[in-house]
Amino acid sequence: MTLKGTLGNHVPMTDSAPVPAAELTAPIPPRNVSGDVWGGLAAMLVALPSAIAFGVTIYSSLGDSLAAQGALAGILGATALGLIAPAFGGSQRLITAPCAPAAAVLAALALNFTQQGIAPSTALLMLALIGLLSGVMQIGLGLAGIGRLIRFIPYPVVSGYLSGVGLIIIGSQIPKFLGAPAGSSLLTAIGAPSLWSWHSMAVGGLVIVAMLATPKLTQAVPAAIVALLAGVLGYLGLGLFDPALLTTSGNPLLVGALDAGDNSLTDAIRDHIGALGDLGLEAAVLVFVPALTLAALLSIDTLKTCLVIDAMTGTHHDSNRELIGQGLGNIGSALVGGIPGAGTMGASLINISSGGHTRVSGLMAGIFSLAAFLLLAPLIAWVPVAALAAILMVIGLRMIDRHSLGFFFSPATRLDFMVIMAVILVAIFGNLIAASGVGVAFAILLFIREQTRSSVVRNRIEGRDILSKRARSNTDGEADDGELDSTVVFELQGSLFFGTASQLQAALEPETATRKYVVLSMRRVQSLDVTATHVLEQIKDRLEENNAYLVFCDIPKDLPSGLKMKRFLKETGVVRPTNKAFAFRQLDEALEWVETQERRQAEDDSDSLPLSLRDMHLFAGQTEESVAALEAAMELRTIKAGKRVFKAGGGDTDLFIIRRGTVKITLPIRKKESYHLATSTRGGLIGGMSFLDSDGHAADAVALTDTEVYVLSREAFETLAEEHRGMALILLKTVARSLSNRLRVTIEELQALRG
């Protein structure tokens with residue numbers, strides 16, 4: 001199992017949707033039964049040799065004489081896990097069997113128990129208790145909904161974790177490969193060639209060659225089966241030249257006969273359960289931390305495999321239900337004397353490729369494991385320990401994510417490489433759960449680093465580039481440069497938190513001395529913390545000292561974290577009704593408020609004064625007769641503040657000239673959302689589009705203040721044009737200029753907003 005071939009191929013690290021209960025318990029179509037049977041058989045052929053090897057690895061740490069009992073524990077574990085986990089789990093094609101993380105943890109604990117002088121029989125019970133408690137903890141994790149947290153495990157952590165387990169497996173098997181006595185450490189075995197057995201190395205070398213060569217020659221037979229047969233035949237071939245090898249009793253190079261002592265297997269299991277019950281609470285407390293470590297590792301390994309299966313088959317698994325199924329399977333395995341396990345990648349992929357479609361394939365793998373024990377137990381005694389060690393060494397090698405080594409050579413991924421290496425080193429010299437914790441901690445630091453690298457300012461817009469929505473008549477004049485230069489708009493983005501607070505302050509602080517209005521668009525802000533609000537409060541205070549304003553707009557209603565940003569800004573003191581900070585729903589509303597503030601100071605509300613046609617600049621130069629004719633052709637209409645002058649979709653074709661007041665033109669988008677097109681004051685023309693094309697109004701026009709408008713119907717205009725062509729031409733030119741200006745303003749705004 002290579003990480004490059006699974007997670008490395010862009011498998012999405014997100015949690016899958018739960019599988020409906022009806023789908024999990026639905027009747028199995030007959031056409032799928034044969035595929036499930038063949039898939040289960042193929043999966044068993046892959047999983048069983050590894051399960052035997054894992055069992056031998058764990059038990060032989062307590063003494064060579066226990067190797068056969070370890071092989072039996074591996075088979076019982078594969079059987080119990082195969083029969084229980086698929087029946088209660090939440091994935092359709094997952095194969096559950098003893099796995100490398102369990103072997104790595106339990107073998108290290110077994111060796112530690114030996115060094116503490118604990119009797120082998122007691123140590124085995126302690127290991128079984130660890131498996132039992134880990135199963136209980138997995139059920140608790142599933143019931144608590146922790147299964148969904150698999151999506152928060154970063155790729156470098158998974159890569160380092162798998163590579164660390166692979167190296168641990170290889171290191172633990174090298175002494176067995178060399179034929180060193182049981183209990184020999186890696187350094188001791190390598191440093192003492194006199195302890196080596198050339199028979200063991202020859203068999204192991206043959207198995208490694210078979211493991212590596214078989215996939216290149218055929219895919220019909222699992223490589224582990226071919227390699228195991230090659231190891232057995234190679235060992236028997238050596239026995240022809242050395243008859244001492246052809247005995248299973250007391251032979252440290254062979255697994256040995258599988259038996260349950262003087263009792264039957266059923267009696268042995270019953271005695272084992274009774275002995276577990278006699279350990280008591282004190283033993284449970286003693287092994288609580290190792291059990292928690294094992295539960296976490298087995299859960300991660302299982303759910304990681306489920307994600308790969310989902311990506312390959314287009315299915316969905318229920319993470320929490322799967323943890324419950326895995327927990328029940330590990331409890332069952334511990335009670336019958338088997339070793340714990342998890343969803344295994346290799347066996348699951350073989351199951352899928354061999355036709356497995358449903359959970360029946362996993363059940364069949366358990367049934368075939370039991371059948372293999374009952375029918376082939378005498379043959380298992382002739383399996384060389386070196387052959388199993390060699391199989392595990394190749395499995396460990398394939399677990400190492402060699403693809404991630406390339407991360408070192410790219411500056412962009414070098415820190416990710418360091419995370420992987422940190423996880424590997426802690427896994428080798430510490431423990432696997434600590435390695436996972438270190439990896440997650442480093443991944444969090446990398447995330448913070450990336451967040452601080454990205455700019456929180458998406459765009460900075462000068463007021464002169466965007467403050468142009470108010471359509472001014474010629475009598476109003478143009479806005480002066482001081483008004484435009486007094487405003488700046490910042491479009492903020494990303495996460496505003498302690499890591500980016502200094503960047504935010506550096507961007508805004510220079511504006512506090514020269515600007516009267518600093519507008520912050522929060523549309524693209526994804527998170528906000530107290531540190532960032534403290535910076536905003538400091539900016540607000542600086543502006544207030546200069547009688548300037550901090551203006552918020554486009555505030556999201558709900559952040560991904562569930563935070564109510566507007567309420568948060570008020571509660572932290574940034575926005576209060578009595579100070580110089582204000583919040584508006586949209587950027588247009590904020591800009592309009594800014595313009596209104598400036599105009600009030602400059603014009604003393606001149607929009608409230610009526611403006612006669614003769615005083616409007618656009619009719620300058622027209623004869624009294626023409627102006628009088630236009631006035632006679634029009635109707636004077638009064639609109640209260642808040643009422644519509646016209647409505648989008650309305651069918652009238654009238655042209656409106658504002659005599660006094662202010663009218664806001666908005667384009668409806670959806671529900672209560674709208675886009676601000678323009679704000680027109682006295683002397684302005686509105687409704688020009690419908691007046692020209694007769695297709696109805698495209699926007700809404702709402703009076704912001706009590707307003708008076710001159711209304712010119714299309715029929716009255718045509719009558720006027722017959723006698724006063726000059727006046728009609730002036731009106732058409734003004735309408736065209738108004739629409740052109742509005743289009744130009746929209747283009748400039750788009751350019752400014754796009755940066």
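The values are calculated or read from the model by the stated rules, or taken from the named source; none is laboratory data. The model shown is predicted, which means the values in this text are computed figures rather than measured ones. Positions of Cβ are generated from backbone atoms using ideal geometry, with glycine treated the same way; all protein chains shown enter the neighbour counts.
Quick rundown of the values:
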read-out: Residues of segment 410-443 satisfying the condition of being under 20 Å from the mean Cα position of the chain (by Cα) and loosely packed, with under 15 Cβ neighbours inside 10 Å; value: Ala441
read-out: Near pairs, Cβ below 8 angstrom, 6+ apart or cross-chain, from segment 154-180 (in the same structural domain as Gly191 (by TED's automatic domain parsing) and more than 16 Å from Leu303 (Cβ to Cβ)) to any residue that is of a type in the set (D, E, K, R) and surrounded by fewer than 24 Cβ atoms within 10 Å (Cβ to Cβ); value: Pro156/Asp416; Gly166/Arg398
read-out: Residue list for segment 673-699, restricted to those being under 28 Å from Cys553 (Cα atoms) and among the hydrophobic types (A, V, I, L, M, F, W, C); value: Leu677, Ala678, Ile686, Ala698, Ala699
read-out: Segment 287-328: number of residues that are over 18 Å from Gly89 (Cα atoms) and in contact with a helix residue (DSSP H, G or I) (Cβ under 8 Å, 6 or more places away or on another chain); value: 8
read-out: Test: residue in segment 722-731 that is of a type in the set (A, V, I, L, M, F, W, C), under 19 Å from Ala678 (Cα atoms) and surrounded by fewer than 20 Cβ atoms within 10 Å (Cβ to Cβ); value: no
read-out: Number of the exception - Gly437 against (1) over 30 Å from Leu229 (Cα atoms); (2) of a type outside the set (A, V, I, L, M); (3) at pLDDT 80 or above; value: (3)
read-out: Restricting segment 185-204 to residues that are over 13 Å from Gln173 (Cβ atoms) and small (Gly, Ala, Ser), the residue that is surrounded by the fewest Cβ atoms within 10 Å (Cβ to Cβ); value: Ser194
read-out: Residue among Leu258, Leu236 that alone is assigned by TED's automatic domain parsing to the domain that holds Ala107 and modelled with pLDDT under 80; value: Leu258
read-out: Wholly enclosed helices (runs of 4 or more DSSP H) of segment 78-180 bearing at least 3 residues under 28 Å from the mean Cα position of the chain (by Cα) and modelled with pLDDT under 85; value: 155-178
read-out: Residue count, segment 181-218 (criterion: touching a residue at least 40 places away in the same chain (Cβ under 8 Å) and part of a loop (DSSP other than H, G, I, E, B)); value: 4
read-out: Flag if Phe408 is closer than 30 Å to Ala506 by Cα, among the aromatic types (Phe, Trp, Tyr), in contact with a helix residue (DSSP H, G or I) (Cβ under 8 Å, 6 or more places away or on another chain) and at pLDDT 75 or above; value: no
read-out: Unmet criterion (only one of (1) crowded, with 20+ Cβ neighbours inside 10 Å; (2) in a helix (DSSP H, G or I)) for Ala701; value: (2)
read-out: Residue within segment 292-310 that is within 25 Å of Ser134 (Cβ to Cβ) and either more than 34 Å from the chain's Cα centre (by Cα) or not in a helix (DSSP H, G or I) (or both) present; value: no
read-out: Residue within segment 250-258 that is farther than 30 Å from Gly204 by Cα, surrounded by fewer than 24 Cβ atoms within 10 Å (Cβ to Cβ) and touching an Asp or Glu at 6+ places or on another chain (Cβ under 9 Å) present; value: no
read-out: Residue in segment 715-730 that is more than 16 Å from Met634 (Cα to Cα), at pLDDT below 85 and not assigned by TED's automatic domain parsing to the domain that holds Glu589 present; value: no
read-out: Qualifying positions in segment 483-502 - in a helix (DSSP H, G or I) and surrounded by fewer than 19 Cβ atoms within 10 Å (Cβ to Cβ); value: Leu484, Asp485, Ser502
read-out: Output for segment 352-389, where each listed residue is over 28 Å from Gln92 (Cβ atoms) and touching a strand residue (DSSP E or B) at 6+ places or on another chain (Cβ under 9 Å); value: Ala381, Trp382, Val383, Pro384, Val385
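To keep it simple, each residue is scored yes or no on (1) in contact with a Lys or Arg (Cβ under 8 Å, 6 or more places away or on another chain); (2) among the β-branched types (Val, Ile, Thr); (3) surrounded by fewer than 15 Cβ atoms within 10 Å (Cβ to Cβ); (4) in the same structural domain as Asn741 (by TED's automatic domain parsing).
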| site | (1), (2), (3), (4) |
| --- | --- |
| Lys640 | no, no, yes, yes |
| Val645 | no, yes, no, yes |
| Glu673 | no, no, yes, yes |
| Arg682 | yes, no, no, yes |
| Asp693 | no, no, yes, yes |
| Glu708 | yes, no, no, yes |
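Condition check ((1) charged (D, E, K, R); (2) in contact (Cβ under 8 Å) with a residue 40 or more places away in the chain; (3) part of a helix (DSSP H, G or I)) across all residues:
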| residue | (1), (2), (3) |
| --- | --- |
| Gly650 | no, yes, no |
| Thr653 | no, yes, no |
| Pro668 | no, no, no |
| His676 | no, yes, no |
| Glu715 | yes, no, yes |
| Thr719 | no, yes, yes |
| Leu729 | no, no, yes |
| Val735 | no, yes, yes |
